[in-house]
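The values are calculated or read from the model by the stated rules, or taken from the named source; none is laboratory data. A quick note: this is a predicted structure, and the numbers were derived from the prediction, not measured. As a convention, Cβ positions derive from the backbone with ideal geometry for all residues, glycine included, and neighbour counts pool all protein chains shown.
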Amino acid sequence: MKNETVISIKNIGKKYNITHQQGGYVALRDVLTNILKSPFAFLKQKTKEVAGIAKKEEFWALRDINFEVKKGEVIGIIGRNGAGKSTLLKILSQITPPTEGEIKINGRVGSLLEVGTGFHPELSGRENIFLNGAILGMTKKEIASKFDEIVAFSGIEKFLDTPVKRYSSGMHVRLAFSVAAHMDPDILIIDEVLAVGDAEFQKKCLGKMDEITKKEGRTIIFVSHNMEAIKKLCSRCIVLNKGEKVFESDTEKALIAYSNIQNDGKLITNKGIFNKNRRGSGALSFTNIEILDTNNKDRNIFNVGETVKFKMSYEIYDDMQGLYVFISLNSSKTKELLTSVKHEIKKGDVKKNESGSVVIEVELNSICPGEYTLYFWLGDDDATGQSGPINYDVVDGMIGPLIVKPADEKGEATAGYFTLKSKIEILK
Amino acid sequence: MATSAQTTVIRPKKTLSLQDFKEIWSHRELLYFFTWRDFKVRYKQTFIGVAWALFQPIMSMVVFSLFFGKLAGVPSDGVPYPIFVYVGLLFWQFFSDALNDTSNSLISNQSIVTKVYFPRLILPISTVATKLVDFGIAAVILIGLMFYYHFVPSLEGLFLLPLLLIITFASALGGGLFLASINVRYRDVRYILPYFIQLLLFVTPVIYSASIAGKYSWVLAFNPMSGVIQSARAAFLHTAPINWLLITISLVASIMILVVGTIVFKKTERFFADII
């Protein structure tokens, strides 16, 4: 029962013709005048279209999406803006049809792409509960039987007969979410709805959603930019990027994959920016940092015993003395520094407008499997001595993290930060 | 198997099928709620409330009676002009309001169309249904006028009423579906439409009698509203014997309009959310 597949998505793709999307709306007037002005050009275009040789700018918002959802699962869909998350949800909720592929869904689907869809400002809270409920697919009987619960959850009892247009935006959202939270489909599709409301209400919503899945065994597909919410609710995640599924696994790994997409493993020069993760004097700067394996391939997941290469490029904007690079591996949980390497790049004069690249190889021999946040530092002589003008640049936690997996050797460390060579002898 | 009653398959192409009608049936409560909403909202903040539904036809009746009945002396098949024109206006208002609002029904519910799935046909149908309620309210005046002028509808005529309403409903819905589909793509349609509807008023025997067209009056039969209004006058005011052939032609014409409208609507329906 638990392993029953409720949604199976096969080769789903959605194509948009960009020409159709241009310029707000098309006026019939313009179309007609165009035809009258140049009837031959129009005919030519039409024949081309019919013959299928017309050049159309096509855009695949989604392509070759395949995955299955089992009963009772909570699946997160994450990706950057424009990755195709909302399009996927719209296809799943039948708002727009796919261009290709097929989806099979077993059970009643409720979709919540927006809270308060169809709320009418002139109608009272009470009336809107019924209207919104009906739009979300509830029957009048269902709404009536849950009415008190909905009102209690929203906490707007006093304003039940006030037109919704006089509600504060917070009340509006609370009422809307309460209605949505009380529909009970077998499969619930939710888009970024928790981004609204205050922290306390968000917590209440998350709790409610947790309850829905845990107690009642509902299946949920959840899109959010709120990684905390994803972490809390979802057991499995699908990472979309530019319309394609790039990753599918349990939430923890998917979030890492997602953070890699975000940074692309590449850095942009930002001279002298003193933000939280990028501290520097502006006199020099990392221009690129890549994590590579021994085959020079981009990757951030390594096994114990493998060698990781950090390739760093830099630029110098001011004259200085000496140039050093320092990398540390920090605990991703406590942020405490666990181990570090430091190398000298250059002794003596370092001139303005110099630039270069270095590679540091690190053998991951005695490290415990786990997740490590990376800290990169580049600076001059004085900076290390903590005297005089300090020239340095720091890239803290923007790349990676570095993930080290067990090599499946006997006696490997399973806890702690480093591993010791050991062997076992069984006596009798 | 607890809740495996429903299996949905989402595929690229979708054409009109029996499934659509089943779906509309299963969403009938939503149909009711949309109608209820439109009606409620319209009368919520207007000072004179429901009386508003009466105001429009009465004012039109007064103005038309004065200018066409009194001053221009338009013949009215031997019945007092006010009640003659009111019967026409009653049905015409239902038709023209329904046609106009239906063609805007998708655009005015844009936020719902792009966020929730339900059979899109529900929106236009509920819009026409709202107008049917208005019709019911305005019909009260007709009853009053009939008392005042001492008209008694024939029994046959009372049976005819539902049929006339069905024809009006079907024509307005069919035309509205067609226009709504175009309206989603070409937004200027909504500006042309009121003018177009006004023209239609003059080719429909609302303010004049169909008899002025003489031997060409049969041409008017292809305009379903022409048949409806002529028949309504025959049934309530006994201007002529009820012409069943005329009604049949109107019914067939309205069904054709509805079928064409529905096909066009269903064909473009799947792109609504993308281009609206």
**Request:** Test residue A:397 against the criterion of being at pLDDT below 85 and either within 26 Å of residue A:295 (Cβ to Cβ) or buried (at least 16 other Cβ atoms within 10 Å of the Cβ) (or both), and give yes or no.
**Result:** yes
**Item:** Listing of helices (runs of 4 or more DSSP H) fully contained in region B:66-117 that carry 3 or more residues being away from chain A (no Cβ under 14 Å) and not aliphatic (A, V, I, L, M)
**Value:** B:81-103
**Message:** Checking residue A:84 against (1) more than 19 Å from the chain's Cα centre (by Cα); (2) surrounded by 20 or more Cβ atoms within 10 Å (Cβ to Cβ), only one condition comes out false. Which one?
**Reply:** (1)
**Fill in**
Exactly one of B:224, B:194, B:205 is under 17 Å from residue B:101 (Cα atoms), modelled with pLDDT of 85 or more and within 19 Å of the chain's Cα centre (by Cα), and that residue is B:194
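Matching residues to (1) out of contact with any Asp or Glu (no Cβ under 6 Å at 6 or more places or on another chain); (2) under 30 Å from residue A:160 (Cβ atoms); (3) at the interface with chain B (Cβ under 7 Å from one of its Cβ atoms); (4) in a loop (DSSP other than H, G, I, E, B):
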| site | (1), (2), (3), (4) |
| --- | --- |
| A:62 | yes, no, no, no |
| A:75 | yes, no, no, no |
| A:87 | yes, no, no, no |
| A:97 | yes, no, yes, yes |
| A:118 | yes, yes, yes, yes |
| A:121 | yes, yes, no, yes |
| A:129 | yes, yes, no, no |
| A:141 | yes, yes, no, no |
**Message:** For region B:196-276, give me every one of the helices (runs of 4 or more DSSP H) that falls completely inside it and has 3 or more residues that are among the hydroxyl-bearing types (Ser, Thr, Tyr) and under 23 Å from residue B:173 (Cα atoms).
**Reply:** B:244-269
**Complete:** The correct count of residues that are under 19 Å from residue A:397 (Cα atoms), surrounded by fewer than 17 Cβ atoms within 10 Å (Cβ to Cβ) and not charged (D, E, K, R) in region A:288-311 is 1
**Fill in**
When (1) more than 9 Å from chain B (Cβ to nearest Cβ); (2) touching a residue at least 60 places away in the same chain (Cβ under 8 Å) are applied to residue A:111, the one that fails is (1)
**Request:** Could you tell me whether any residue of region A:154-173 is among the β-branched types (Val, Ile, Thr), assigned to a helix (DSSP H, G or I) and more than 7 Å from chain B (Cβ to nearest Cβ)?
**Result:** yes
**Prompt:** Would region A:108-118 turn up any residue that is over 24 Å from the mean Cα position of the chain (by Cα) and among the acidic types (Asp, Glu)?
**Reply:** no
**Request:** Being more than 14 Å from chain A (Cβ to nearest Cβ) and not polar (S, T, N, Q) narrows it down to one of B:123, B:145, so name that one.
**Result:** B:145
**Condition met for residue B:171 (more than 14 Å from chain A (Cβ to nearest Cβ), in a helix (DSSP H, G or I), surrounded by 14 or more Cβ atoms within 10 Å (Cβ to Cβ) and among the hydroxyl-bearing types (Ser, Thr, Tyr))** = yes
**Request:** Go through A:48, A:44 for me and flag whichever is modelled with pLDDT of 70 or more and surrounded by 12 or more Cβ atoms within 10 Å (Cβ to Cβ).
**Result:** A:44
**Request:** Could you look through region A:87-102, keep only residues that are within 15 Å of residue A:64 (Cβ to Cβ) and buried (at least 21 other Cβ atoms within 10 Å of the Cβ), and pick out the one that is farthest from the chain's Cα centre (by Cα)?
**Result:** A:98
**Message:** Considering only residues that are modelled with pLDDT under 80 and within 16 Å of residue A:121 (Cβ to Cβ), which ones fall in region B:28-65?
**Reply:** B:42, B:43, B:44, B:45, B:46
**Request:** Evaluate the following for residue A:415: is it modelled with pLDDT under 85, closer than 21 Å to residue A:256 by Cα and not in a strand (DSSP E or B)?
**Result:** yes
**Prompt:** In this structure, is residue A:170 without any contact (Cβ under 8 Å) to a residue 24 or more places away in the chain and surrounded by 13 or more Cβ atoms within 10 Å (Cβ to Cβ)?
**Reply:** no
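Given the criteria of a type in the set (Phe, Trp, Tyr), within 11 Å of chain A (Cβ to nearest Cβ) and outside any helix (DSSP H, G or I), does residue B:33 qualify? Lay out the reasoning, then the answer.
Details: of a type in the set (Phe, Trp, Tyr): yes; within 11 Å of chain A (Cβ to nearest Cβ): yes; outside any helix (DSSP H, G or I): no.
In short, no.
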**Request:** Determine whether region A:325-344 contains at least one residue that is part of a strand (DSSP E or B), out of contact with any Phe, Trp or Tyr (no Cβ under 8 Å at 6 or more places or on another chain) and either of a type in the set (S, T, N, Q) or crowded, with 17+ Cβ neighbours inside 10 Å (or both).
**Result:** no
**Asked** What is the number of the single condition among (1) buried (at least 18 other Cβ atoms within 10 Å of the Cβ); (2) modelled with pLDDT under 85; (3) under 20 Å from the mean Cα position of the chain (by Cα) that residue A:237 does not meet?
**Response** (2)
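So which of B:275, B:207, B:247, B:257 is out of contact with any Gly (no Cβ under 8 Å at 6 or more places or on another chain) and on the phi < 0 side of the Ramachandran plot?
On inspection, the qualifying residue turns out to be B:275.
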**Prompt:** Is it the case that residue B:178 is surrounded by 24 or more Cβ atoms within 10 Å (Cβ to Cβ) and at pLDDT 90 or above?
**Reply:** no
